[in-house]
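The next block holds one structure in the form of structure tokens; read it before the comments.
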Amino acid sequence: MKIPTWRSAMAPPSRSPRSGRTPASRPTPASRPTPASRPTPASRPTPAVSAHPSSSAHPSILAQQGGLTQSSIPGTEDLSVIKVSKRRWAVVLVFSCYSMCNAFQWIQYGSISNIFMNFYGVSAFAIDWLSMCYMLTYIPLLLPVAWMLEKFGLRAVALTGSALNCLGAWVKMGSLKPHLFPVTVLGQVICSVAQVFILGMPSRIASVWFGANEVSTACSIAVFGNQLGIAIGFLVPPVLVPNTNDQDKLAYHISIMFYIIGGVATLLFILVIIVFKEKPKHPPSRAQSLSYALASPDASYLSSIIRLFKNLNFVLLVITYGLNAGAFYALSTLLNRMVISHYPGEEVNAGRIGLTIVISGMLGAVISGIWLDRSKTYKETTLVVYIMSLVGMVVYTLTLNLGHLWIVFITAGTMGFFMTGYLPLGFEFAVELTYPESEGMSSGLLNVSAQVFGIIFTISQGQIINNYGTMPGNIFLCVFLTLGAGLTAFIRADLRRQKANKETPDNKLQEEEEEESNTSKAPTTVSEEHL
């Protein structure tokens, strides 16, 4: 494959084979003019980017070809200027909030499944499908949404996701009669489509908006919103919707919950319109700057997927992430049924146990993100958290039927700290292993694996619980978490994005002053070492 070269307008293209620097970058005596100062035919201006390299090119290839001084990407003035925007925190906060709203709508039926079974007169399996439809719709829609993310950008995907989330919430308003179960299914399916526009975005937002020492923290904050929505979904429905046989009273309380979530979803859609921008004025990190330069408008998504699946480390991560997240989805969907079977009439406490799992998991996610930004120990942290997820699941399984709710709260919280805290770790580890491939594609494939295993685990564990009890159902999950922990040990820590960031001589971040309309900066030529 022929590698295109980038030339500085006033520097000759030749390089020292040892250092990879141009002659102009070597120190010369002050009394003699440098080669770059002599007029030569090579000093005529050339286009900033002569061709678009394949997105599969390793960043070290780009480093050997020359420093980046100008970008052909519209909206990015100078790829050599590395700054972070003040708007980045508003962007990730708004995303986190509408992700929270969508996650609430996923679990709001499962957290009081027995009450909705009574209201609509349907089976437990039908209520389970209101949760599993979130997993099912993700699988066929991943590639179209990944294409849309690359073609139209973050803002378009954010607007579509928040709009669908809002629409689904309002459709559910028409399902407040016992015979209108199909309407609530329609509203839930619309919300599940919105989820496809949400789940793959945390790592993309972190990479596009945040600096090299903030990406893991930002990703964990973005995932934090989704987990907070699940937590609220466990806590609020049992409080707002009491277990009563009076259908009119039940419809009234369900309507209150639906109207609240509809109003919140509408407000968040408006905030997305106001706050969300496509990307900052300048790339926030050297890795992102190189990613812009490597991006090709003619990139094939099929070839990108093929490259990803040729990456053995990433394939192992896809499987292990799916096993862990799938177990979490199954536990969340079936938690109410498991707790009620051992502690009848404790719907509210079942919701509080779910809340404890997710709140402790959010704490684990934030701590993991901060730790990764400081230590960069992706493989070691992922493996330890995975093993502790297995240990927590085993302890939860052995203590669920002891007859003491306070023990269940403690063991469930410990399990959630590691199991839910693992989710942002997987996203960030995937980006490191697959850079400079699209973050949306790598995250999307992780989520597809999670949805597939989530459906399999939810159906299988539900049938095991119905026929044999809760302990065999939880042991079923323990077996697969053991498999996941073993496979994680074989993943090699090929941290490509970290290597690209280390090529920058000065990693200090600068806050971008958005109000400045004109900045006069001399182009910066950055010499890079071969990875």
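Things to note:
- Here the average projected area of the convex hull drawn through the C-alpha atoms of segment 85-283 stands at 10.7 nm².
- Percent accessible area from carbon and sulfur atoms, segment 202-274, protein chains only, probe 1.4 Å: 69 percent
- Computed from the Cα positions only, the extents of segment 302-495 along the three principal axes stand at 52, 34, 25 Å, in decreasing order.
- Placed amide H near residue 85: partners under 5 Å, 5+ positions off or other chain: 512
- Residues of segment 372-413 with an amide N closer than 11 Å to a point placed 7 Å from the Cα of residue 114 along the Cα-to-Cβ direction: none.
- Length available on full extension from residue 391 to residue 147: 0.36 nm per residue minus the Cα-Cα distance, which gives 84.0 nm.
- You can think of it this way: the chain between residue 274 and residue 245 has 6.0 nm of extra reach, that is 0.36 nm per residue less the Cα-Cα gap.
- In this structure, the pairs whose alpha-carbon distance is over 31 Å, taken from 277/379; 172/379; 86/151; 281/310, are 277/379; 172/379; 281/310.
- Length gained when the stretch residue 377-residue 398 is fully extended (0.36 nm per residue, less Cα-Cα span): 4.4 nm
- For segment 79-154, the set of trypsin sites (Lys or Arg not before Pro) satisfying both a DSSP loop assignment and a count of at most 10 other C-beta atoms within 10 Å is empty.
- Solvent exposure of segment 85-283 as accessible area per residue, Å², 1.4 Å probe: 34 Å²
- Spacing of the two label points (7 Å from each Cα toward its C-beta) at residue 475 and residue 256, in nm: 4.3 nm
- Each Lys or Arg adds one and each Asp or Glu takes one away; over the other residues whose Cβ falls under 14 Å from the Cβ of residue 114, this sums to -2.
- Karplus-derived HN-Hα couplings along segment 152-168 (A = 6.51, B = -1.76, C = 1.60, θ = phi - 60°), whole Hz, x at Gly and Pro: 10, x, 4, 4, 4, 5, 5, 5, 5, x, 5, 5, 5, 4, 5, 4, x
- Using θ = phi - 60° and Karplus 6.51 cos²θ - 1.76 cosθ + 1.60, couplings along segment 324-329 (whole Hz; Gly, Pro as x): 5, 5, x, 5, 5, 4
- Taking θ as phi - 60° and the Karplus parameters 6.51, -1.76 and 1.60, the scalar couplings of segment 259-269 work out to 5, 4, 5, x, x, 5, 4, 5, 4, 5, 4 Hz in sequence order, x denoting glycine and proline.
- Taking all Cα pairs closer than 8 Å and separated by 6 or more residues, the relative contact order of segment 85-283 comes to 38 percent.
- Surface share of carbon and sulfur [accessible, 1.4 angstrom probe, percent] for segment 302-495: 73 percent
The values are calculated or read from the model by the stated rules, or taken from the named source; none is laboratory data. None of these values were measured; they are calculated from a predicted model. Heads up, the Cβs are rebuilt from the backbone with ideal geometry, glycines too, and the neighbour counts pull from every protein chain shown. Calculation scope for accessible area: heavy atoms of the full protein, side chains included, ligands and nucleic acids excluded. Shrake-Rupley method; radii C 1.70, N 1.55, O 1.52, S 1.80 Å.
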